[in-house]
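The values are calculated or read from the model by the stated rules, or taken from the named source; none is laboratory data. Everything numeric here is computed off the predicted structure, so don't read it as measured data. For neighbour counting, all protein chains shown are included, and Cβ atoms are generated from backbone atoms with ideal geometry for every residue, glycine included.
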Amino acid sequence: MFSNFDFDVIIRSLPYLFYQGMTFTLLLTALATLGGIILGTLLALMRLSGFALLTVPAAAYVNLMRSVPFVLMIFWFYFLVPYIGQWVTFSPRPMQVGAFASCLVTFTLFEAAFFCEIMRAGIQSISRGQVAAAQALGMTYPTVMSYVVLPQAFRNMVPVLLTQTIVLFQDTSLVYVISVTDFLGAASKVAQRDGRLVEMYLFAALVYFVISLAASGAVGLLRRHIAIIR
Amino acid sequence: MIEIVGLGKWYGPTRVLTNCSTQVGKGEVVVVCGPSGSGKSTLIKCVNGLEPFQEGRISVDGVSVGDPKTDLPKLRARIGMVFQHFELFPHLSVIRNLTLPQIKVLHRSADEAKEKGKRLLERVGLAAHANKFPGQLSGGQQQRVAIARALAMEPIAMLFDEPTSALDPEMIQEVLDVMVALAREGMTMIVVTHEMGFARKVAHRVVFMDEGEIVEDAPTADFFVKPRSERARLFLSKILQH
């Protein structure tokens, strides 16, 4: 059944697919994960602070992000980010924001909501006794958080955070809605130019599958290595 | 040095402490005992402000604990506390457990903190375990590390919240030995414990609590020989049988 398929097209387009497409995909995944974890941790601390002034906006943010279709968010931010930039910098014209920056902002803000819930569970998994012990030693809230609670919460949650990152890696393909050339976008372009849809999409699926599966396996191995000895 | 006057505390509508008053002088060792749920732990957690209270006042070395203007972290840094479940930081090595609070709270240099930490580990007989993680030590060893961690802050007083009740019987003595040595050196201590042998050996006074009240506050000898209240007599008869 593969007799009239041309798998050579894949080989010919490899440099383009990986050098342009995969670089974008991986860079977006890595930076959005990093930004999402930082912002998500701050949101989690807000949600757990006990001050309505902080908990309510954080909870509202998380719930909003989790109730809106992601594709819609990508669209929305693509058109909105230039105007937010204009507003923040008091510039007279909408800010020139590249597609990558726009995607990065969207993914970071969106993923932060999910990382927030993961970090919140992580922080809550640390016993109150640990906090009490740290406080009894005279540590202030920022010290307790940065040296006692967050390092433990983070280590407990690394497997879950990385699993979420794998989901994020697959979700980056949604940037096709604003015609950005990520890995899938690159494959798509070649497929349409050469009329080799089946070959290219098959190959793209295979690449996503192999990377995700390998990453899941690595997370499993890591889980055993970083567990805190109790 | 520690003065508790008319202390009252509620958890929501439930009253947990009623009009508790006592004082602990410099170098004095006071054992707090009583049936479980009598408010002993809550009482000593009020002393360093880990638990807020609604009524009365506590002052430590002249500093009022309940005063909202009091810098609680600063005050806590001067009062050592040892917990029932040790509460060592499991993600840090034993020596890091001792140096981190010295560096972050007292702003000691890393070298100075390490030096101090090693001396204290030696003192509790655990110098060889400095680079292990808490999870690799036995309960008794962990509790001794916890005592060393508190001592590294050079506290003016030490609070012990049932330091041996989570330990296997064969490990209780090694922890008590460290505490006895500390008491004999003149450390001011409030110890919540059921270890009546320890109380007899080193306590100057025994405070007996029941249902959130201080029922009896007497010199150790008097408490064991002729407790005034029926409740204390009953408690002693139960606890001294074994």
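Exactly one residue out of B:LEU72, B:LEU106, B:LEU98 is touching a Gly at 6+ places or on another chain (Cβ under 7 Å) and within 10 Å of chain A (Cβ to nearest Cβ), and it is B:LEU72.
Quick one: how many residues across the stretch B:106-162 are among the β-branched types (Val, Ile, Thr) and without any contact (Cβ under 8 Å) to a residue 60 or more places away in the chain?
Summing the residues that are among the β-branched types (Val, Ile, Thr) and without any contact (Cβ under 8 Å) to a residue 60 or more places away in the chain in the stretch B:106-162 gives 2.
Only residues that are more than 14 Å from B:ALA150 (Cβ to Cβ), more than 8 Å from every other protein chain (Cβ to nearest Cβ) and not in a helix (DSSP H, G or I) were counted across the stretch B:85-95, and they come to 2. In the set (1) crowded, with 19+ Cβ neighbours inside 10 Å; (2) within 14 Å of chain A (Cβ to nearest Cβ); (3) part of a loop (DSSP other than H, G, I, E, B), the condition left unmet by B:PHE53 is number (2). Being within 14 Å of chain B (Cβ to nearest Cβ) and of a type outside the set (Asp, Glu), is that true of even one residue in the stretch A:180-195? No - not one qualifying residue is present in the stretch A:180-195. When A:VAL144, A:VAL158 are screened for being touching a residue at least 12 places away in the same chain (Cβ under 8 Å), within 14 Å of chain B (Cβ to nearest Cβ) and more than 25 Å from A:PHE169 (Cβ to Cβ), only A:VAL144 passes. A count restricted to the stretch B:134-146 and to residues that are surrounded by fewer than 23 Cβ atoms within 10 Å (Cβ to Cβ) and not small (Gly, Ala, Ser) stands at 3. Considering A:GLY195, A:GLY138, A:GLY122, A:GLY220, the condition of being in contact with a strand residue (DSSP E or B) (Cβ under 9 Å, 6 or more places away or on another chain) and either at pLDDT below 95 or of a type outside the set (Val, Ile, Thr) (or both) is satisfied by A:GLY138 alone.
Scan the stretch B:74-89 and give yes if some residue there is under 24 Å from B:ALA183 (Cα atoms), of a type in the set (D, E, K, R) and crowded, with 18+ Cβ neighbours inside 10 Å, otherwise no. Yes, the stretch B:74-89 has at least one match.
Among the residues in the stretch A:76-92, are any touching a residue at least 40 places away in the same chain (Cβ under 8 Å) and within 20 Å of the chain's Cα centre (by Cα)? Show your work before the answer.
Residues of the stretch A:76-92 that are touching a residue at least 40 places away in the same chain (Cβ under 8 Å), as a first pass: A:78.
In the following step, the residues that additionally are within 20 Å of the chain's Cα centre (by Cα) were identified as A:78.
Checked against the condition, which is being touching a residue at least 40 places away in the same chain (Cβ under 8 Å) and within 20 Å of the chain's Cα centre (by Cα), the stretch A:76-92 yields at least one hit.
Kindly indicate whether any position in the stretch B:9-19 is among the polar types (S, T, N, Q), touching a residue at least 24 places away in the same chain (Cβ under 8 Å), surrounded by 15 or more Cβ atoms within 10 Å (Cβ to Cβ) and not in a loop (DSSP other than H, G, I, E, B). Yes, some residue in the stretch B:9-19 is among the polar types (S, T, N, Q), touching a residue at least 24 places away in the same chain (Cβ under 8 Å), surrounded by 15 or more Cβ atoms within 10 Å (Cβ to Cβ) and not in a loop (DSSP other than H, G, I, E, B). So is A:GLN130 without any contact (Cβ under 8 Å) to a residue 40 or more places away in the chain and within 22 Å of A:ALA153 (Cβ to Cβ) or not? So A:GLN130 fits the description; yes. Within the stretch B:202-240, the set of residues being of a type in the set (D, E, K, R) and either touching a residue at least 40 places away in the same chain (Cβ under 8 Å) or closer than 27 Å to B:TYR11 by Cβ (or both) comprises B:ARG205, B:ASP210, B:GLU211, B:GLU213, B:GLU216, B:ASP217, B:ARG231, B:LYS238. When we screen A:ALA204, A:ALA136 for residues that are among the small types (Gly, Ala, Ser), farther than 15 Å from B:PHE89 by Cα and either within 14 Å of chain B (Cβ to nearest Cβ) or buried (at least 18 other Cβ atoms within 10 Å of the Cβ) (or both), the only hit is A:ALA204. Scanning the stretch A:115-130 for residues that are more than 9 Å from chain B (Cβ to nearest Cβ) and either of a type in the set (Val, Ile, Thr) or surrounded by fewer than 21 Cβ atoms within 10 Å (Cβ to Cβ) (or both) returns A:GLU117, A:ILE118, A:ALA121, A:ILE123, A:GLN124, A:SER125, A:ILE126, A:ARG128. Of all the residues in the stretch A:146-161, those that are surrounded by fewer than 20 Cβ atoms within 10 Å (Cβ to Cβ) and among the β-branched types (Val, Ile, Thr) number 2.
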